[in-house]
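See below for the structure under consideration.
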Amino acid sequence: EPFDDEDWQYEVKWDGYRALAFLNKGKVELLSRNNKSFDDKFYPIHKILSSWKVNAVFDGEILVLNDNGISNFGALQNWRSEADGELVFYVFDILWYEGKDLTNLALTERQAVLNEVMPTDDDRVRISKVFDTSGVDFFAAAERMGLEGIMAKRKSSTYSLSNRSKEWLKIKVSRRQEVIIAGFTRNEDTSKLFSSLILAVWENKTLTYVGKVGTGFSDADQKKMIKQFEPYIIDKSPFTVVPDINKLSRFQHKQLNAKATWMKPELVAEVAFSEVTSEGIFRHPSFQGMRIDKNAKDVVRETAEHTKEIVEEVESELTTEVAKKQTKKTEKQSGVKDTERVDKHTSAIRPPKPTIPKTLLNPKDVTQVRKVEGKELKFNNLTKLYWPEDKVSKRDMFNYYYAVADFILPYLKDRPLSLNRFPGGIHGKSFYQKDVKGKAPEWAKTFPYSTSDGEPKEYLVGDDVATLLWMNTLGCIEINPWFSRITSPDHPDYCVIDLDPDKHHFDKVIEAALVVKDVLDSIDVPSYAKTSGSTGIHIYIPLGGKYDYDQSQLFARIVVGIVHNIIPKFTSLERMISARKGKMYLDFLQNRPGATIAGPYSLRPKPGATVSMPLEWDEVKPGLKMKDFTIFNAIDRLKEKGDIFRGVLGKGIDLETAILKAKKVYP
C-alpha cells in the first residue's frame with residue numbers, strides 16, 4: 001500500500017525492461033539484469049550511449065512511450081525498429097563513475113552524481129524524475145493517470161546488487177474494468193467446471209473480445225457461477241467475428257485445446273488487470289467478482305483520463321490537500337514549498353519527441369517481415385551492398401525511403417509508375433517493368449492500359465508507404481512517376497524542362513538553368529529546380545492539370561527555343577545525339593504521355609548514392625555539385641528545409657497568358 005514517510009522518496013514505476021548500461025573507454029554494453037545483451041535489440045539507445053564521453057554504469061528502464069508519455073509494455077515486446085514506437089531509456093541510478101564504486105553511497109548522493117554527470121542532450125535517454133512528496137498522493141495521481149504504479153525508495157539506501165531490496169518497494173496500481181461475460185472455456189485435461197471466462201465490452205455498438213480471465217475464483221465460486229450461467233448458454237458465438245480462444249500468449253507453451261461454451265452477453269463481472277495491449281486485450285486479468293448491479297448494455301471500454309487533464313486536476317487537488325496534510329516542520333526540513341511539490345508532479349510524465357528519421361528495419365536481421373500500415377512486407381538479403389563503393393546496403397535504401405515517405409509520396413500519389421529495377425545493385429543488370437498484372441499484392445492500386453496490339457496490362461500506381469516499399473523490394477532504386485494522375489491521365493500537373501549536359505561540365509548546366517529561370521521570370525511563370533541525381537537539372541513549371549500533354553510540350557518547346565537563342569554556343573534542340581555535336585540538350589520532349597523521370601527525393605543508381613534533390617534558386621550557382629545531395633545527408637536537409645518543391649503541385653499557370661507574353665517579350 002502507498003504510504004507517507006519523509007525518509008522515503010518516490011518515482012514512477014515504468015513498465016519496461018530493466019537495463020544496465022556499461023560505458024568505459026568508448027565501449028558500451030547494454031545488458032538486462034540477467035546479462036542478456038540489448039545492444040542490437042535496442043540499437044537506437046546503444047547508439048546514443050556510444051556517443052557519450054563518460055565512463056560510468058547506469059541503471060534504468062527501457063520503454064516504449066505512447067503519445068501521452070505512458071509506457072506500453074506490449075509495444076515494447078513487439079519493438080523491432082523505430083517504426084514500432086518511441087523508445088526511451090529512463091535512467092534512475094548510477095553505480096560506478098570514472099573508476100569509483102558508488103554503490104555504497106546513499107541513494108540521494110548517487111542521484112546527485114547522476115544529475116551532474118549524465119548527458120541530457122537526447123530526449124530518448126532521460127533521468128527518471130524523483131518526487132520528495134506524499135507517497136499516498138503521488139500513488140493516487142499515478143493510478144488516475146493510468147500508470148503501472150510507483151517506486152518507493154529509502155533516501156539513505158545503498159545500491160543492492162540483488163534483484164530485491166526492502167528499501168526499494170514496488171507499489172503497483174491494479175486497474176479495474178467492468179466486463180461482459182460472453183462465455184467460458186474448459187481445457188481438455190482439466191477437472192474444473194471451467195478454465196476461464198471469455199470477456200467482452202461494447203465498442204462502437206459492436207461486442208468486442210477483450211481476452212480471458214482464469215484466476216480469481218475458487219472451486220466454490222465456480223459452482224455458484226455455473227448455476228448463474230446456465231440460463232444464458234447459447235449455441236453460437238455472440239461475436240460477429242469468433243475470437244481465437246486457444247491463441248497462446250508469449251508465456252504459454254502448451255496448447256490448451258479449450259472448448260468454448262457461449263453465452264448471451266448479459267452478465268457483468270469486474271476484473272483487475274495491468275494494462276491493455278495494442279490489440280485491446282487485457283493483460284494479467286484477475287476476476288474480482290460479479291456485478292449484479294450493472295447492465296451489460298452499459299459496459300464499454302474504460303480508458304485512463306488524459307495525462308494533461310489529470311495533472312491539472314491533481315495540481316488543483318494537491319494544492320489544497322497537501323496544505324492540510326503536510327506540517328510546517330516537514331516544509332522547513334525539505335526547504336520545498338507545497339506549491340513547488342505540486343509543480344513537480346507535472347513532470348512525472350513527458351510525451352516523447354518524435355524520432356526523425358525513423359528506421360523501419362533494424363541493423364542486425366538479414367531478413368525481416370514488417371507490417372506497414374497493416375500490409376505485410378518481407379525484406380530479404382538486407383546486407384547486400386547496392387552501392388558497393390559507398391558501403392550502402394539494401395537495408396539503407398529501405399530505411400531511406402521509409403524516412404522520406406512523407407516528402408516523396410505527394411509526388412507519387414495516384415500516378416502510374418515505371419519500375420526501373422536493379423535487383424543486383426547499381427552495377428548489376430537492370431531492366432524496366434511497366435506491367436504488374438498478376439504480380440502486385442492484392443492491396444496494391446493499379447492502372448489498366450492496353451499495348452499497341454491491344455494486350456491489357458496494368459501500371460502500378462503510387463499510393464502509400466507500403467506501395468513505395470514494395471517497389472523497393474523489387475530492386476527499384478529510383479522512383480519514376482508519370483506527370484499526370486490516373487484521375488486525369490492526359491492532363492499533366494507540371495511541365496518539365498530537362499537539361500542534359502552531354503560532355504559539358506555541370507557548371508554549364510547551372511548557367512543554362514539560370515537562363516531558363518530568367519526567361520520564365522520575364523513572362524511571370526514560376527519555376528522549381530531540382531538536381532537529376534545523375535548529370536543534369538530538371539526545371540518544373542506547375543500546370544495544375546489544366547492542359548494536355550501536347551499543350552505542355554508546345555510551351556516547353558517555346559521556352560527552350562528562347563533559351564537556345566540566348567546561349568546557342570553550347571545548347572542544342574536536336575533529339576539525335578549525333579546531331580548535337582557535344583552540345584547540351586534542352587529536352588522538352590519528356591512532356592508526353594507515359595514518359596517519366598526520377599521524382600523529387602528519389603535515390604539514383606549512381607556512385608555516391610545521390611538523390612534527385614529540389615533546390616532553392618539561390619543554391620543554383622557555380623560550385624554546386626551532384627554529390628552535394630546523397631543518401632547520407634538528404635534527410636538532415638529535409639529536416640531543416642522541409643519540402644521546398646511543393647509549389648509544383650499547386651495552382652497552375654495560365655498557359656495562354658504566358659505564351660502571349662513570351663511572344664511579346666521575345667518577338
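Take LYS371, LYS53 and order them by how many other Cβ atoms sit within 10 Å, fewest up front.
Details: LYS371 12, LYS53 7.
The order, fewest Cβ neighbours first, is LYS53, LYS371.
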### Summary
Within the under-13-Å Cβ sphere about ILE597, not counting ILE597, Lys/Arg +1 and Asp/Glu -1 give a net charge of 0
## Note on the structure
In the neighbourhood of SER196 defined by beta carbon distances under 9 Å, the net charge of the other residues (Lys, Arg +1; Asp, Glu -1) is +2
### Query
Around TRP8, which amide H atoms from residues at least 5 apart in sequence, or from another chain, sit under 5 Å from its own amide H, with H modelled in the peptide plane?
LYS155
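Which of the peptides 141-149, 267-275, 641-649 is most tightly packed, and how do the rest follow, going by the mean number of other Cβ atoms within 10 Å of each residue? The partial results should precede the final answer.
Details: 141-149: 22.2, 267-275: 20.0, 641-649: 16.4.
So the order, starting with the most tightly packed, is 141-149, 267-275, 641-649.
Placing unit charges on C-beta atoms (Lys and Arg positive, Asp and Glu negative, everything else neutral), compute the dipole magnitude of the stretch 175-298 about its Cα centre in debye, rounded to 20. Mind showing how you got there, number by number?
Details: 19 positive and 15 negative charges, 21 e Å.
The calculation lands at about 100 debye.
So what is the calculated 222 nm ellipticity per residue for the chain, using -39500 (n - 2.57) for each DSSP H run with n of 4 or more, over all residues, to the nearest 500 deg cm²/dmol? If you can, show how the numbers build up before the last one.
Working: 16 runs with 161 residues, N = 667.
Helices in the chain give a 222 nm mean residue ellipticity of -7000 deg cm²/dmol.
Charges only on Cβ, +1 for Lys and Arg, -1 for Asp and Glu: so what's the dipole of the stretch 577-622 about the Cα centre, in debye to the nearest 20? Please list the in-between numbers first.
Values: 7 positive and 4 negative charges, 77 e Å.
It works out to roughly 380 debye.
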### Query
Taking the Cα centre of the stretch 482-667 as origin and charging only Cβ (+1 Lys, Arg; -1 Asp, Glu), how large is the dipole, in debye to the nearest 20?
420
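Shape call for the stretch 365-481 from the C-alpha gyration tensor, a ≥ b ≥ c root eigenvalues: rounded (a/c under 1.5), prolate (a/b greater than b/c) or oblate? Walk me through the intermediate numbers first.
Values: a/c = 1.86, a/b = 1.42, b/c = 1.31.
Prolate is the answer for the stretch 365-481, as a/c is 1.5 or above and a/b outweighs b/c.
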### Query
Where a ≥ b ≥ c are the square roots of the eigenvalues of the C-alpha gyration tensor, would you call the stretch 8-146 rounded, which needs a/c under 1.5, or, failing that, prolate if a/b is larger than b/c, or oblate?
oblate
### Query
If one takes the longest principal axis of the Cα atoms in the chain, at what angle in degrees, from 0 to 90 and to the nearest 10, does the Cα axis of helix 135-145 lie?
50
### Query
Out of GLY424, PHE3, PRO231, whose Cα points farthest toward the positive end of the dipole of the chain (charges: +1 Lys, Arg; -1 Asp, Glu; placed on Cβ)?
GLY424
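For a quick check: sort TYR432, TYR401 by the number of other beta carbons within 10 angstrom, fewest at the front. Present the calculation step by step, with values, prior to reporting the outcome.
Numbers: TYR432 10, TYR401 23.
The order, fewest Cβ neighbours first, is TYR432, TYR401.
State, as an integer percentage, the relative contact order of the stretch 8-146 based on alpha-carbon contacts under 8 Å between residues 6 or more apart.
On the way: 228 pairs, mean separation 36.4, N = 139.
Relative contact order of the stretch 8-146: 26 percent.
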### Message
Give me ASP414, ASP518 sorted ascending by neighbouring Cβ count inside 10 Å, so fewest comes first.
### Response
ASP518, ASP414
#### Entry: Relative contact order for the stretch 175-298, counting Cα pairs under 8 Å that sit 6 or more residues apart, in percent
33
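Please state the relative contact order of the stretch 482-667 as a whole percent: Cα pairs under 8 Å, 6+ residues apart? Provide the component values of the computation, followed by the final result.
On the way: 344 pairs, mean separation 56.8, N = 186.
Once divided by the residue count of the stretch 482-667, the mean separation gives 31 percent.
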### Query
What angle do you read, to the nearest 10 degrees and between 0 and 90, between the alpha-carbon axis of helix 655-665 and the longest principal axis of the chain?
50
### Message
Using only Cα atoms and rounding to the nearest 10 degrees, what angle (0 to 90) does helix 506-522 make with the longest principal axis of the chain?
### Response
90
### Message
Just to be sure I understand, if you calculate P(r) over Cα pairs in 20 Å bins from 0, in percent for this structure, which of (i) 14, 24, 20, 20, 14, 8, 1; (ii) 16, 51, 31, 2; (iii) 15, 35, 31, 16, 2, 0 do you get?
### Response
(iii)
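Coordinate-derived values only; no laboratory data. What you see is a predicted model, and the numbers here were worked out from it, not measured in a lab. Neighbour counts are summed over all protein chains in view; Cβ atoms, including those assigned to glycine, are modelled from backbone coordinates with ideal geometry.
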